[in-house]
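Some notes on the structure that comes next.
The values are calculated or read from the model by the stated rules, or taken from the named source; none is laboratory data. All values reported here derive from a predicted model rather than from experimental measurement. Ideal geometry is used to build each Cβ from the backbone, glycine not excepted, and the neighbour counts take in all protein chains shown. Remember, those area values only see protein heavy atoms, side chains included, never the ligands or the DNA or RNA. Shrake-Rupley method; radii C 1.70, N 1.55, O 1.52, S 1.80 Å.
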Amino acid sequence: MTTSMTSSMVAALPSSMTTVTMSSMSKQAAGTVVQSEAHFLEETMNPGRVRQYLNNSKDYEKAKGMKWLLAMMSKGRDASEFFSDVVKNVVVKGVEVKKMVYMYLVHYADFNASCRELALLSINSFQKDLAASNQLVRAMALRVMSSIRVPEIIQIQLLAVKKCANDSSPYVRKCAANAIPKIYKMSPDQKEPLEQIVEKLLRDSSCMVLGSAVAAFAEVCPDKWDIMHRAYRKLCHLLADVDEWAQITILSVLTRYLRTQFVDPAPAVRDALKAQAQQRSAAGAQAAPKKVKRRIVKKAFYSDEEDESQEEEFEVKLPTSAEVGSVFTGGDQETEGDLDPDHRLLLRSSLPLLKSRNSGVVLAVCSLHYYCGTNSNSTGTALGKALVRILRNAREIQYVVLQAIATMATERPQLFIPFLADFYIKATDPQFARSLKLQVLTALTVDDNVDMILRELQTYISHGDKDFVRDTVRAVGRVADAQPDVAEKCVSGLVALLQCSTIDSVTDTVVVVTRQLIQQGACPESLLPQTLRLLVLLLLESTSASDLQAEEDEDAEGKKPRPPLLPSAKASCIWLVGEYGVPTCAVPGCDKIKAVAGDVLRVMAQTFTEEPLEVKIQILNLAVKLGVARPGSEITPLTNLVLELSRYDLDYDLRDRSRFATALMGLTSEDGAVDNAALQSLRQKASGVMLGVKMPPLTLLGDVAVEGLNDLTIGSLSSMMHHELNGYLSLPTWPDIQPDPAVRDTNMEKKEGVVGVGGTGSDSDSDSDASGKGGADGFYDDGSDSDSDSGSDSDSDSDSDSDSDSGSDEDSDEDSSEEESDEESDESDSGEEESDEDSDAEEEYNEESSEYSSSDEEDDGASKAAKMAAAPTSFSGFGSYGMNSMGSAAPGAGAASIDPFGGMDSLLPPATGATGGMGGAMGGGLGDASE
Amino acid sequence: PEGLSQVEFRSGQTMIQSIFMMSRTGEVLIEKHWRGITPRSVCDVFWDEANRYAAKEDAPPIIYTSKYYLISVFRDDVFLIASVTAEVPPLLVIEFLHRIIDIYTEYFGSVEEQNIKDNFSTCYQLLEEMMDNGYPLTTEPNALKAMIKPPSVMGRVHSYATGKSGISDDLAEGMVSSMPWRKAGVKYAQNEIYMDIIEEVDAIVDRNGQMVSSEVTGMVQANSRLSGIPDLTMTFIDPDVIDDCSFHPCVRYNRFERDRVVSFVPPDGAFELMRYRVNTKANVSAPIYCQSQVMFNDSQNTGYGRISITVGQKPTSSLIMPSKGTMAIEEVALTIPFPKAVRTTNLTVNVGTCLYDEATKVAKWTIG
């Protein structure tokens, strides 16, 4: 059995920094003795005392009271009787008490009618808080008020959200975005105004807000793409800068966006892959002719042109791991060349996120590329690698990722074949991981690795967990099915296992799998006779007919008695006799079984009444088949006996079956009027029905890909649960004709926008400042910046309005050249060194969204560099990232950057002076400049 | 086929409705709701399901009840259960639940039941800040710590004496900055950053002692105590060793793609800078070997068998450095699972100690 070992070693840090061992950080753990809060949970509460605390004027007494209530909530008790005492405390100044009061309010506000009524009393206080100068207080008030699920106040909530969507603080705007779905859930008829707010927030330029805005979009109006167009490019550019949770949301929304706005980048491949997956699963289904067919499809899949090219590439093999991915359409370049630049933009900007520490982000990126990518080799390898990397993670994450991989591997095994060994099962893997890994392993089976996989499966057979062993046996069956070359090995392995296994459930599975393989024609002819013989032997051995038992026992002398077969195995064996034991059976190597078929029926008929239903049905089946095939022989009385027995069986299904079969035999049990002519014609058709060639069953390799099954998006909860959940949005199919790409250009808005921007229109860079700063103004005032400017609400309103306008204006300026210059500058950048260093540093910052906003005065002459220089003085720049800054970042690396740095000299001295030794923040380039 | 009206009312994914925290014994420690109340009875459903498995951690992480989907995480002896009612990215939920435990661990030292109870109001405060309407809000430890001070002895004495709480009444400055992971205004008299590199070898060895597969993964854990906004660069002597890696959000991904240099502005305090997989051309051999021999002779039907296990050190050199002396091997422990049919064992070792757990039939040999 496999063993896994873990050892750790500490190596020296290969960097310029000093390496010291880490100091212990868990010092707080030691001394929580003083005033632990556990007594709130453990002691019984005295309601009177709690009321006293709540009504006390001291904050810490109130806090004590609230803790009692929280503790009650924790214990699952109803604390709503204190509602009136708590509501009074919403006006409290202290933040700790306030927060606890808020938590309580949200929990109980719609608990019952009186609570709802009392909750209305708190509204005034929230409205006051919404106008507070402290952004945290504003945000908190909005969050709580919008969480109170009382229908009477919807209009007030809506107003508050509208107001906060224009707030100067991005944090408050983010909370406004989060509040939108709350209101929508309570009252879906407010959809329209809510959509408008979503649209407005999508125009925001702060990374902080965008994630929540897109989340609101996904929940409120997931199909209203026309408000997404303008945000699309910005989202792509800022993707790396928004927080990890927002990345997941944005990626999943944009995946669907791509599907509606662009055409399939690799249509042929996708269909071919799908077809191939289906064929693989049906492999071996029709023995020889099937194999040919399968090959043909594989061919179609390897060649770009698809179709038509079947014959010539007849011999093509599945790819080796070395040429992995070459399977996909030829070359990235050609395919990428056809891509819409906007489509490519998202694909490119999402790729670096594969390095995220958050597995959700990684999976979202993979899903995006899987469904909307070009299937190029390099991307394929990167995706596979990243998925395998996040596999080494907490077990829950492993579960989801493995599930996703299992699905992907069915359609595109090439992605994961290089990482085969990572799917070997470890001793420490939990049960669900083991079965999923088995699924992956079987899906990854190709000519080159089938031996390795079989060897691995062989090890698993001796595992202690019976269910796992049975899964393994099934996996062996699937491998044999998909790879006819190794079928012989698989079947002989199974036969060997059959002879030595003492665990009935395992034997059972082996029999069923073997039966299935024989049925699919996957069992090689050389092995067929002996396999059939063995199965019949097993069947007879386990039948209680004493005479035969004795006979067989002589054969099997010295052996330990095997446990009797389980019903499903027994039924499988009888079915085989019925199928291969009839004289008309054309499969070679069945002579022996034909000889004993009659005897088998005789034995089974004897024990008929004691068998479980599953077996009875097969006995009936066998009796009818033999009866039809050998009319008038010694079989007929046996057949009639079985028909009679089943007709009086307790089970209604079996009785019905018996009636059908009786008719089919041209017999009747009815008295009186019987249409004898019809019976006779039935009898004539009987052999066609019972003995004709039957379609073999399909073995599925996975959940998707096979026609008729739901194709749920990888990484969704629905795909984990195998059914569609509420709110699941399936991926749209690609449009046949490219929708107008101009919708993402913002020329239209430009004309209107410029007017609103006012003085800033002159210089494109300053525009981006404005957009970055519009929101910043208000925020800075609260913060460290000495600038005294009390960002009143009306102020900030207009600010952020012009903000978005200028942003879009800006965007349109750059758009035309954006794509090309983007890549160009990237390249030239890495090429040059010294001369480019300044701009390099700048670019870096842009990449990181570190657009540190500066104060107002700089606005006019302002360049990005100036802002950066000013950054260390007040490093409270906020997350906004001028819509343009990313777009212009790349061009900025070229000529544009010279200008800003001219302006920087004058601004640098104060900046460095203020920051002292912290100048390091600016990175190498700027550091040099300051000296 | 959807009608037009249907499309109109189509609403997309939702988020976490409620979160429950459950101790190993099934006691609910924390419950918090964001999108309406989830009845506590779902916890019973979950608990029944978890109890169906021999080891509670074997229970599948996603369970479907009649109305709710329960996504759970089991770590450090507590369960965190999130209930959702509609489509949601499952990994987002799982990662978030893990993040909660990370944060609690950072605040309270561990998520032991007692620690949670001792600080339950802080737990609620943290949850409140970490999530809004079921959607993650503030999850960076630096930002959270600026808003809610971690409990400490001094803090408690102080708050007891003055009635002041550890809850800040203003938004942390760093939070709305472009670097939400770093708090502003950090000052140290002595500027230093500590780094630990921890590498793990995972290997599968077959019964003959042959290495079937092995992989080496590593992580860089840092503890930053630097003032201001330090911008750091870490270079590698041989970046090719890194096959694939993931970074803390503070690292500039593009810079790494381009120059293979880790460039970042660190958060304050302890954090995990990066994880990586080592590019092992050949299988890395484990530093120890382990050989087992199982003898089971049942001709007399005695039911006795014998196993003997030998563990020894293999001379291995580190991947990064050429062998300068042998590596010291410490804390070797061996887990030996016995089949369920085993009634009792009699184990003797010549080094270390060996403990056999009757219930799980697992022996643990600690060599030291």
TODO: Summarise the partner chain shielding of A:138-145 as one whole number: the mean count of Cβ atoms from other chains within 10 Å of each residue's Cβ.
DONE: 2
Open item on the list: Rounded to the nearest 100 Å², what is the buried accessible area between B and A, both sides summed, probe 1.4 Å?
Closed with: 13100 Å²
- [ ] Ignore the peptide's own chain and count Cβ atoms of other chains within 10 Å of each Cβ in A:232-239; give me the average, rounded.
- [x] 0
Open item on the list: Is the C-alpha gyration tensor of the stretch A:68-195 telling us rounded, prolate or oblate? Criteria: a/c under 1.5 is rounded; beyond that, a/b larger than b/c is prolate, otherwise oblate.
Closed with: oblate
Open item on the list: Using DSSP to call loops (not H, G, I, E or B), can you name the trypsin sites (Lys or Arg not before Pro) in the stretch A:89-177 whose Cβ has at most 15 other Cβ atoms within 10 angstrom?
Closed with: A:LYS93
Task: A:ASP241, A:ASP485, ranked by accessible area, largest first (probe 1.4 Å) - done: A:ASP485, A:ASP241
- [ ] Report, as an integer, the average count of C-beta atoms from other chains found within 10 Å of each Cβ along B:335-346.
- [x] 1
- [ ] Using Cα centres only, tell me the gap between the stretch A:411-460 and the stretch A:206-230 in whole Å.
- [x] 40 Å
TODO: Please list B:357-364, A:365-372 highest first by mean number of surrounding beta-carbon atoms within 10 Å per residue.
DONE: A:365-372, B:357-364
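Under the classification rounded if a/c is under 1.5, otherwise prolate if a/b is larger than b/c and oblate if not, where does the stretch A:86-130 fall, given a ≥ b ≥ c as square roots of the Cα gyration tensor eigenvalues? Each step should come with its number before you reach the end.
On the way: a/c = 2.34, a/b = 1.46, b/c = 1.60.
Cα axes put the stretch A:86-130 in the oblate bin.
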- [ ] Can you tell me which of A:595-604, B:185-194, B:25-34, B:222-231 comes out highest on packing, and rank the rest after it, using the mean Cβ neighbours within 10 Å?
- [x] B:222-231, A:595-604, B:25-34, B:185-194
- [ ] Rank by packing, highest mean first: peptides A:193-206, B:38-51, with packing defined as the count of other Cβ atoms within 10 Å averaged across residues.
- [x] A:193-206, B:38-51
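May I ask which of A:LYS67/B:LYS32; A:LYS99/A:LYS128; A:LYS234/B:LYS145; A:LYS163/B:LYS32 have a Cα-Cα span longer than 26 Å here?
The answer is A:LYS234/B:LYS145; A:LYS163/B:LYS32.
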